[in-house]
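The values are calculated or read from the model by the stated rules, or taken from the named source; none is laboratory data. Note that the structure is a prediction, hence the values are computed from the model and not measured. Cβ sites come from the backbone with ideal geometry, for glycine too, and all protein chains shown count toward neighbours.
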Amino acid sequence: MLLGTGPAIMMALVVSLFTGVICGNRLDVLVVTFFASMVGIFACRRVRQRGRVIRAGFLTGVCVAVFALLLGAADNIGTDNRGAVLIVLRQMGVGLGTGLLTGMAVVGFLPVLEMLFRRTTDITLLELTDYNHPLLSRLQLEAPGTYHHSLMVANLAENAAQAIGANPLVCRVSALFHDIGKTANPEFFTENQRDRTNPHDDLSPIASAKVIREHVTEGVALALRHRLPRLVIDAIRQHHGTTLVQYFYQRARKESRTALPNQPESTAEVPEAPFRYDGPKPETRECAILFFADCVEAASRSLRTVTPQSLAELIDRLFQERIDDGQLDQCPITLAEIAKIKTSFEFTQLNMLHSRIAYPAPEPAPAPALADAAERKNAPSTPAPSDARDKPTPGKNL
């Protein structure tokens, strides 16, 4: 759970070899130990609940108990030795009990090991998806638009991770927390501007870009304060790479040309450094998925008409611009995986931006006068008197 399947198998083989040698070069002990370890390794793959760890320990204990029964039966075929039977039963009980105790010990020591070696298991990541986490609760209250954006990015990133075989839980948790820094200045981001007032109107483009860029720094500070895992902090740092804050960079260029109308264009050029995020660029497949999911979800909101063609063109353009900008130079991702990510984004985003039919307006209730006239019209022409219905029939016993 801490290091992965490969190192676990290697460690199981080494422990099994030493165990067989210690027990007098016994091959059967080596086989039992290694096979039981493989059962435990298989049961702990992608484990997300602590109860599954105890279940894995129980399965290893069952494996040892079955081997003890088989070996004991093989050694005592044709003999009627009650003592041998008791030994076999005791070995089975010890094997089963050891497996259960091992599972419970792992559950208890796992948080300590994660803290000491700075490793993050899927169990811890699953706990971080709780929407009652203090940072997520604060994001929901102070920046509801950003909170909704984070949920949508989480869906995009999780589905794309499953498409290329990356860790979907890492992508989901990273997406939920990637914009927590916006809680420092939520009103400076479009998705949180309810009354349509834009505080950037009173700032210069460089000052506006600085406020936008600082949400990454603020997010890292909040993540460190709340002791989020290292991989989540890395995702917060890398989810914009070193891209430009395009809107304010183009606004600065426009203002520079307006201020110097008669100067050469090279003189009016604006440096990019104040408008670029500090990075670093995405370094893992999960960070690359988050990097693209963030910009695709935000840009797709600007589409006037969402169609498969318009969405595919937007996604292709965003991917190509960032690849040409060198944002994937440090990421071990292939072109085939990028193609699968694009397909997954198109499918998920079209489903999230689906349209609905307009519900018809309720018909107005008829006026009281018209209702009385309609009731009189539908009433019988010669209704029977009420006393006639209640009058008994002559000649009948009542």
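Selection within segment 305-322: residues that are surrounded by 18 or more Cβ atoms within 10 Å (Cβ to Cβ) and over 28 Å from Arg356 (Cα atoms). The member of this set that is nearest to the chain's Cα centre (by Cα) is Phe319. When segment 148-178 is filtered for residues that are outside any helix (DSSP H, G or I) and under 15 Å from Phe292 (Cβ atoms), the ones remaining, listed by number, are Ala166, His178.
Return a yes/no flag: does segment 280-297 have any residue that is surrounded by 14 or more Cβ atoms within 10 Å (Cβ to Cβ), in the same structural domain as Val153 (by TED's automatic domain parsing) and more than 29 Å from the chain's Cα centre (by Cα).
Our first condition is that a residue be surrounded by 14 or more Cβ atoms within 10 Å (Cβ to Cβ); within segment 280-297, this holds for 281-297.
Add one more test, that the residue is in the same structural domain as Val153 (by TED's automatic domain parsing), and what stays is 281-297.
This time we only want the ones that are more than 29 Å from the chain's Cα centre (by Cα), so: none.
No, because not a single residue in segment 280-297 is surrounded by 14 or more Cβ atoms within 10 Å (Cβ to Cβ), in the same structural domain as Val153 (by TED's automatic domain parsing) and more than 29 Å from the chain's Cα centre (by Cα).
Determine if segment 85-104 includes at least one residue that is over 23 Å from Glu127 (Cα atoms), charged (D, E, K, R) and in contact (Cβ under 8 Å) with a residue 40 or more places away in the chain. Looking for residues that are over 23 Å from Glu127 (Cα atoms), charged (D, E, K, R) and in contact (Cβ under 8 Å) with a residue 40 or more places away in the chain, one finds none in segment 85-104, hence no. Identify all residues within segment 4-36 that are within 25 Å of Leu125 (Cβ to Cβ) and not in a loop (DSSP other than H, G, I, E, B); write none if there are none. Hits for segment 4-36 are Thr5, Gly6, Pro7, Ala8, Ile9, Met10, Met11, Ala12. Asp130 satisfies every condition listed in (1) under 14 Å from the mean Cα position of the chain (by Cα); (2) in a helix (DSSP H, G or I); (3) more than 19 Å from Arg230 (Cβ to Cβ) except (2).
Consider Arg90 carefully, then state whether it is surrounded by fewer than 14 Cβ atoms within 10 Å (Cβ to Cβ), outside any helix (DSSP H, G or I) and in the same structural domain as Met10 (by TED's automatic domain parsing).
On the way: surrounded by fewer than 14 Cβ atoms within 10 Å (Cβ to Cβ): yes; outside any helix (DSSP H, G or I): no; in the same structural domain as Met10 (by TED's automatic domain parsing): yes.
No; evaluated as a whole, the condition is false for this residue.
Inside segment 179-235, can you point out the residues that are among the aromatic types (Phe, Trp, Tyr) and either exposed (fewer than 15 other Cβ atoms within 10 Å of the Cβ) or in a loop (DSSP other than H, G, I, E, B) (or both)? Outline the logic, then answer.
Going residue by residue through segment 179-235, those that are among the aromatic types (Phe, Trp, Tyr) are 188-189.
Hit for segment 179-235 is Phe189, nothing else.
Taken together, Ala157, Ala143 contain a single residue that is in the same structural domain as Cys295 (by TED's automatic domain parsing) and more than 19 Å from the chain's Cα centre (by Cα), which is Ala143. Within segment 108-127, the set of residues being under 16 Å from the mean Cα position of the chain (by Cα), within 21 Å of Gly57 (Cβ to Cβ) and among the β-branched types (Val, Ile, Thr) comprises Thr121, Ile123, Thr124. For Arg251, the conditions (1) more than 30 Å from Phe117 (Cβ to Cβ); (2) basic (Lys, Arg); (3) surrounded by fewer than 16 Cβ atoms within 10 Å (Cβ to Cβ) all hold with the exception of (3).
Of the residues making up segment 203-210, one or more are touching a helix residue (DSSP H, G or I) at 6+ places or on another chain (Cβ under 7 Å), of a type in the set (A, V, I, L, M) and farther than 20 Å from Leu128 by Cβ. Does Ile341 meet the test of being under 19 Å from Thr242 (Cα atoms), modelled with pLDDT of 90 or more, assigned to a helix (DSSP H, G or I) and aliphatic (A, V, I, L, M)? Considered against the rule, which asks whether it is under 19 Å from Thr242 (Cα atoms), modelled with pLDDT of 90 or more, assigned to a helix (DSSP H, G or I) and aliphatic (A, V, I, L, M), Ile341 comes out as no.
Can you name every residue in segment 24-49 that is under 23 Å from the mean Cα position of the chain (by Cα) and buried (at least 19 other Cβ atoms within 10 Å of the Cβ)? Of everything in segment 24-49, just one residue is under 23 Å from the mean Cα position of the chain (by Cα) and buried (at least 19 other Cβ atoms within 10 Å of the Cβ), namely Cys44. Test of understanding: among Val31, Val39, Val15, Val21, which residue is touching a Gly at 6+ places or on another chain (Cβ under 9 Å) and assigned by TED's automatic domain parsing to the domain that holds Val66? Within the list Val31, Val39, Val15, Val21, the selection yields Val31. Kindly indicate whether Pro271 is out of contact with any His (no Cβ under 7 Å at 6 or more places or on another chain), at pLDDT below 95 and under 23 Å from Ala157 (Cα atoms). When the stated conditions are applied, Pro271 does not pass them.
Residues that are in a loop (DSSP other than H, G, I, E, B) and either modelled with pLDDT under 95 or aliphatic (A, V, I, L, M) (or both) within segment 236-260 comprise Val245, Leu260, listed in sequence order.
Here Val53 does not fit the description of being buried (at least 17 other Cβ atoms within 10 Å of the Cβ), outside any helix (DSSP H, G or I), touching a residue at least 40 places away in the same chain (Cβ under 8 Å) and among the β-branched types (Val, Ile, Thr). Among residues of segment 2-14 that are over 16 Å from Ala36 (Cα atoms), those with a Cβ under 9 angstrom from a residue that is of a type in the set (Lys, Arg) and surrounded by 12 or more Cβ atoms within 10 Å (Cβ to Cβ), sequence gap 6+ or separate chain, pair up as Leu2/Arg119; Leu3/Arg119.
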